[in-house]
Structure formats: C-alpha cells, structure tokens
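The values are calculated or read from the model by the stated rules, or taken from the named source; none is laboratory data. Fair warning: this is a prediction, and the values are worked out from it, not measured in the lab. Neighbour counts run over all protein chains shown; Cβ positions are idealised from the backbone, glycine included. Calculation scope for accessible area: heavy atoms of the full protein, side chains included, ligands and nucleic acids excluded. Shrake-Rupley method; radii C 1.70, N 1.55, O 1.52, S 1.80 Å.
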Amino acid sequence: MMSDDEAKEEKELDLSSTDVVNKYKSAAEIVNKALQLVLSECKPKAKVVDVCEKGDAFIREQTGNMYKNTKKKIERGVAFPTCISINNTVCHFSPLASDEAVMEENDIVKIDMGCHIDGFIAVVAHTHVLQEGPVTGRAADVIAAANTAAEVALRLVRPGRKNKDVTEAIQKVAAAYDCKIVEGVLSHQLKQFVIDGNKVILSVSNPDTRVDDAEFEENEVYAVDIVTSTGDGKPRLLDEKQTTIYKRAVDKNYHLKMKSSRFIFSEISQKFPIMPFTARALEEKRARLGLVECVNHDLLQPYPVLHEKPGDLVAHIKFTVLLMPNGSDRITSHPLQDLQSTKSVQDDPEIKAWLALGTRTKKKGGGKKKKGKKGEASEAEPMETTEPANAAS
C-alpha cells in the first residue's frame, strides 16, 4: 500500500497539477525557440553537426537559467538531442564532431529535438526545404501529407478515442497525397522522465508489430510522431556507424568486460541516466568501442539512422499534446513554408470530417452553452489550422 503522501505525490504528477502543466509549457516554449534558432541556421553549406550542437547548447543554456534557487535539485536540459536528417534520411541523424556532412540548396531538412524540465518532456519535429518561395511538387506533397496527418491525429488523440483509430486515419491521409506513412515510427505517451511510455500509437498497422489496444484518457500527454515518404515507407539501416543517439536501458545490468566500455558506461550513468543522449557528448576516442559492447548487451538502446531509397523524399512532424480537461493543447509546433501541393484532401469526406473536429472539449451537463472567450475555438468551429491543402500554419 502507498502511504497517503506517496499517493498524493503520484496524483500530483499529472496534468491536474498546475505545476506540472507549467513545466511542460516552459519546456515547450524553450524547444519551440530552439527549433526557430536551428531553422535560422539551416542554410546551404552549413555543417550539420555545428547546427545540431547549437540547438543542444541553446536548450542547455535556457533550461539552466530556470529553477536555479530551488532547494531541491531539479533536473533539466536536453530530452532528445537535436537531429537534422536530410532528404531520404528518415531520422536520428546527429553526427559526431568529425563528420563533414553539410546542407545543400533544395534539401528537405527534418529537425527533431526535445527539452525537459524536472523530467516533463516537450518534443518537436519540423520539416523545411532550403529554398526561397513556395514549395511545389512532391516535396510539397510529402510535407502536406505529414502536416495534414498531424492535424488529424491532434483531433483523434483525445479522451475516449483508441490508438488504432489514429493509425488508420493517418495512413488514409498519407494515401490521399500519394505518400506512405513510414513504418516503425511510434507515438508515445510521455510521463515524468519517461520519453517512451507504454501507451503507443503505431504509425502503420502490420502483422510484425503488435501494440496493445489503448484508449486515450484525460490528463495524459503524448508525443505524436508522423513521418511520411514518397517512397515505400520501409526504411533501412545502411551504416551502424551513423548511429550516435542512445538511451540507457534502465532495467538491464551486465558486467562489462572492456575497460573502455566500463569507463563510457559510468560516464553515461552519471551524465545521462534517463534521457537519450548523443555520443558527441562523451569522450569521442573511447566512446566508439565502449558503446558497441554496451549496445550488444542491451545496456543501451540505440536510435538508428534509417534511410529510404535515394531520391525518395521524407517529411517529419512531431508535436507534444496535453489532454487537458477543456480539450487538447498542442504545445510544440512551428509554422510551415508555403506549400503548393499537387493533391488536396478537400474532396475526401472522411478526412474533411476529421479536420472539422474541434480540439476543445464540450463541457458535460445541461444549461446554456457559455460563449467561448474571444480567440478560443468552441467545439463547433474548428481551430484555424484546418486548411491543410497548402496552409502554412
């Protein structure tokens, strides 16, 4: 049995506590600004590693300024290292200092990053094409597909709905743009210090990947993760050496044989006991060897760099949403470029109906309907983000 204090503490760590909501929102504010900064640095000839480093440094600096004078030490900082994955690279590209990769004109750049305060995590991913003027053709299709799927998911990840409804809906949206949802991407429930909670939304339902059916509930938080591709949506690992992001598998123990592994593992346990981290943050000379042994014995969970085929285009949009009693609050995002997609979902009645759902919750009980405050969308009127064909917002 839990003591009353423990029960109270357990209770307070969800969104019914304003302190918790404030921490999520502060983390979101920082990660949204960090994304803005990283985006401004993404230019032709910019070195990918330098821009990733700037994103992480900004998050460390901004979170470092918060909760300085509290008695209890509050953990805060990077919850997911800045990744910049280009064109047919799907995700998790956050190279080592020695890597020479640069961005080029017309690249489709996917930025993925996360920040936490006291273990309350806000993550975001955004896709941008390095060009002036509106994005057209297949690049516009693949980004519009991810964006519209994200808008639909925002409306379907709500109390009472099921995870598999979201899986089916986002696949339907991608198909309307003649794109695929990339397999193997999971949207996770977020909890304090847990970036990959047990409740998940599968991107693509297939026989190989089983996840438990789950229903969304009030006061939960989700990282909704949408990756679309103009290719077949079955990405591959091309080179294990590209993997640089890992997370400590908390429930695993093993007595490492190599001295370098023990050294690196103790550094990880001190610096990054819970959140994913990049090998850049370790002593690079020793890291490579030591990490291999740690991964082989399941002490670390790798985040592999996956690729679609050369020539395929991949877009990524991820947002954090709080399922508040008064509706869904999407706390991380960034406006898109002007997209001139060749496709439209306006003539698909089912997708249109999903997009027309509001994100505010109707209050239960009779009586007159209160007028919403100015600027608040009521259930009947969708939020203004529902014009997905080429909307920038």
Quiz prompt | Cα-only Debye scattering, the chain: base-10 log of I(q)/I(0) at q = 0.07, 0.13 Å⁻¹ | solution = -0.32, -1.13
Practice problem: Note down the nm distance, to one decimal, between modelled labels 7 Å out along Cα→Cβ at Ala57 and at Ala353. | Solution: 5.2
Quiz item: Dipole size in debye (nearest 20) for the stretch 52-177 around its Cα centre, Lys and Arg Cβ +1, Asp and Glu Cβ -1?
Solution: 1020
Quiz item: Put +1 on the Cβ of each Lys and Arg and -1 on the Cβ of each Asp and Glu in the chain; which of Ser98, Gln346, Leu300 then has its Cα farthest toward the positive end of the dipole?
Solution: Leu300
Quiz item: Taking square-rooted eigenvalues a ≥ b ≥ c of the alpha carbon gyration tensor, is the stretch 59-205 rounded, prolate or oblate, where a/c under 1.5 means rounded and, failing that, a/b exceeding b/c means prolate?
Solution: oblate
Self-check item: Peptides ranked, highest mean first, by Cβ atoms within 10 Å: ranges 198-206, 341-349, 75-83
Solution: 75-83, 198-206, 341-349
Quiz item: If you take the charge dipole of the stretch 214-301 about its Cα centre, with +1 on Lys and Arg Cβ and -1 on Asp and Glu Cβ, which of Thr243, Met258, Val227 is farthest toward its positive end?
Solution: Met258
Quiz item: Where nothing but the Cβ of Lys and Arg (+1) and of Asp and Glu (-1) is charged, how large is the charge dipole of the chain around its Cα centre, in debye to the nearest 20?
Solution: 940
Exercise. Write down the accessible area per residue of the stretch 247-346 in Å², having rolled a 1.4 Å probe over the full set of protein chains.
Key: 48
Exercise. Roll a 1.4 Å probe over the protein heavy atoms and report the accessible area of Tyr24 in Å², nearest 10.
Key: 10
Quiz item: Taking 0.36 nm per residue of separation and subtracting the Cα-Cα distance, what length does fully extending Arg236 through Ser269 add?
Solution: 8.9 nm
Quiz item: Where the centre of each part is set by its Cα atoms, how far does the stretch 327-346 sit from the stretch 117-138, in angstrom?
Solution: 11
Self-check item: Accessible-area composition of the stretch 273-322, carbon plus sulfur, in percent [1.4 Å probe]
Solution: 60
Quiz item: Hey, in the GNM for the chain with a 10 angstrom Cα cutoff, which one of Glu267, Glu104, Glu218 fluctuates hardest?
Solution: Glu267
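Would you mind checking the pairs Lys110/Lys241; Lys162/Lys191; Lys164/Lys318; Lys25/Lys241; Lys110/Lys191 and listing those with alpha carbons more than 27 angstrom apart?
Lys25/Lys241
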Quiz item: Can you pull the percent of the stretch 126-270's accessible area that's carbon plus sulfur, 1.4 Å probe, other chains left in place?
Solution: 48
Exercise. Enter the Cα centre distance for the pair the stretch 229-259 and the stretch 177-200, rounded to the nearest angstrom.
Key: 17
Quiz item: Given the rule -39500 (n - 2.57) for each run of at least 4 DSSP H residues, summed and divided by the residues of the chain, what is its mean residue ellipticity at 222 nm, to the nearest 500 deg cm²/dmol?
Solution: -10000 deg cm²/dmol
Self-check item: Accessible solvent surface per residue of the stretch 203-243, calculated while the other protein chains remain in place, 1.4 angstrom probe, Å²
Solution: 55
Self-check item: Residue-normalised accessible area of the stretch 50-116, expressed per residue, 1.4 Å probe, Å²
Solution: 43
Exercise. May I ask you to give the percent of accessible area on the stretch 41-116 that is carbon plus sulfur, with a probe radius of 1.4 Å?
Key: 50
Self-check item: Above-threshold pairs, the threshold being 31 Å between Cα atoms, out of Lys23/Lys54; Lys247/Lys352; Lys47/Lys71
Solution: Lys247/Lys352; Lys47/Lys71
Quiz item: Around Phe120, which amide H atoms from residues at least 5 apart in sequence, or from another chain, sit under 5 Å from its own amide H, with H modelled in the peptide plane?
Solution: Phe193
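Can you compute the FRET efficiency between Gln340 and Asp196 using 1/(1 + (r/R0)^6), with r the Cβ-Cβ distance and R0 = 35 Å? Round to the nearest 0.05.
0.45
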Practice problem: Distance from a point 7 Å along Cα→Cβ of Asn106 to each backbone N in the stretch 210-247: keep the residues under 14 Å and list them by number. | Solution: none
Quiz item: Hey, got the dipole for the stretch 187-240? About the Cα centre, +1 on K and R Cβ, -1 on D and E Cβ, debye to the nearest 20?
Solution: 140
